[in-house]
Amino acid sequence: MSPVIVIATISPKPGEEQAVREAFLAAIPKVHGEPGCGKYALHESTGDSTDLVFVERWESAEALKTHGAAPALAEVGAALKGRLAAPLDVKTFTPVPAGTTEQGTI
């Protein structure tokens, strides 16, 4: 099985940034406990944007599919209702290892 890398961009509505951030922060410990979760890391924009970005690594497509149906994501979905300026932008990738294991892979 190949790992799956996910880059998910979240765009909160103006004034909803803190609520969106807190919803994800509450979910992170639960997601870290899900089978196959190798990385689930939240990042904030350094520019004028208020976007948040998750960088995720799942052991397999099956593990990612299970994550998509997990209670933690359902809770986040409920907490985000009406708070996003745009739908989540979720892209999946297959790693292309290069260089050292530590520096060349997520």
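The values are calculated or read from the model by the stated rules, or taken from the named source; none is laboratory data. Fair warning: this is a prediction, and the values are worked out from it, not measured in the lab. Note that each Cβ is placed from the backbone with ideal geometry, even for glycine, and that neighbours are counted across all protein chains shown.
If you scan segment 1-52, which residues turn out to be in a strand (DSSP E or B), farther than 21 Å from residue 87 by Cβ and of a type in the set (D, E, K, R)?
Correct list: 39 only.
Quick one: which residue in 61, 72 is modelled with pLDDT of 95 or more, of a type in the set (Gly, Ala, Ser) and more than 21 Å from residue 25 (Cα to Cα)?
Within the list 61, 72, the selection yields 61.
If a residue must be surrounded by 13 or more Cβ atoms within 10 Å (Cβ to Cβ) and farther than 13 Å from residue 79 by Cβ, how many such residues does segment 1-27 contain?
At the first step, the residues of segment 1-27 found to be surrounded by 13 or more Cβ atoms within 10 Å (Cβ to Cβ) are 3-13, 16-17, 19-21, 23-24, 26-27.
The next check asks that each one be farther than 13 Å from residue 79 by Cβ; those that pass are 3-9, 11, 13, 17.
Result for segment 1-27: 10.
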